[in-house]
Amino acid sequence: MGSSKKSSDPLATARLIEEKVTSRSLYGELLRKYYGFSHGSWYGGSFAGYVIGCNLDCVFCWAWFKNRFDLGFYLTPEEVARKLVLGSVETKARVTRISGGEPTICIDHLLEVMKDFSRRSNKILLVIETNGILLGCSDDRVGELGEFSEKNISIRVSLKGANPDTFSLLTGASKEYYSCQLSSIEKLVKAGFIPGRTLLIAVMSSFNKPREIAELIYGLSKIDEEIPKTVELEIVRLYKNVKKKLDSINLRPITYIEPDSTRK
């Protein structure tokens, strides 16, 4: 059973959010709002910058702060890149990431972060974690990302479910936008990103039957035959805030991980 709430338009939502999470410095630099930076266990140990502002409202999302516009602080692209590199060095993490909200909201800021990060370090990996919708619906911005396809930057597209119906149930967005997620993967491959290396694909699999997941992966194989070998099946983690949201719409995952990391 799912929510009867009216479906949202993630493109319109992104435009509204961009106005709330971006600004200009006195010198004209494009600023983006960040909640904070910290070290975590993802990717075997990574240092992350968490953006505020997301165009989806996923019921399984752990980032409680993602649309708390009263929190956080504005940073220039240079400041973000410097924090990521220094944080990685200080914590001895080989991987950095931009996560939390949706990094591609205000993509001009993101492109400058990527450019400055690559200039500062060619040994540390930067992973951009995105839902792909803005990339998939854009006619030209993915091509600009292609400049970084052979550098130390990877794009991780997280598919919200294995089909349009599950996508809408989990995100509150109209099911038509699921195709934008798939389109982003196709466009990133064409731009030069390599599945399993500079293009990482994950699927929130906890709410779909195995056959539905298999059908999705088969469809992805038509984009690139390497994708089925590298796609990651995400399992929902039942943090307190996540469980509360799932209970509110009477939705129970098929598979899940308790906070103590015991898989069910």
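The single residue among Leu84, Leu26 that is over 30 Å from Lys244 (Cα atoms) and without any contact (Cβ under 8 Å) to a residue 40 or more places away in the chain turns out to be Leu26. For segment 169-220, the set of residues classified as under 14 Å from Ser154 (Cβ atoms), surrounded by fewer than 21 Cβ atoms within 10 Å (Cβ to Cβ) and out of contact with any strand residue (DSSP E or B) (no Cβ under 6 Å at 6 or more places or on another chain) consists of Val189, Ala191, Gly192, Ile194, Gly196, Arg197, listed by residue number.
Look at Gly136 and say whether it is small (Gly, Ala, Ser) and closer than 21 Å to Thr198 by Cα.
For Gly136, the condition - small (Gly, Ala, Ser) and closer than 21 Å to Thr198 by Cα - is met.
The residue that is modelled with the lowest pLDDT, among those in segment 1-15 that are hydroxyl-bearing (Ser, Thr, Tyr) and more than 18 Å from Thr130 (Cβ to Cβ), is Ser3.
Yes or no: segment 13-35 includes at least one residue that is within 28 Å of Glu258 (Cβ to Cβ) and not basic (Lys, Arg).
Yes; the residues of segment 13-35 include at least one that is within 28 Å of Glu258 (Cβ to Cβ) and not basic (Lys, Arg).
This table checks each residue for (1) among the charged types (D, E, K, R); (2) within 21 Å of Ser41 (Cα to Cα).
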residue	(1), (2)
Asn208	no, no
Glu215	yes, no
Tyr218	no, no
Pro228	no, no
Lys240	yes, yes
Asp247	yes, no
Leu251	no, no
Pro259	no, yes
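Taking the criterion of being closer than 19 Å to Leu220 by Cβ and assigned to a loop (DSSP other than H, G, I, E, B), the residues of segment 133-168 that qualify are Ser149, Lys160, Gly161, Ala162, Asn163.
The values are calculated or read from the model by the stated rules, or taken from the named source; none is laboratory data. Being a predicted model, the structure only gives us computed values, none of them experimental. All Cβ positions, glycine included, derive from the backbone under ideal geometry; neighbour counts span all protein chains shown.
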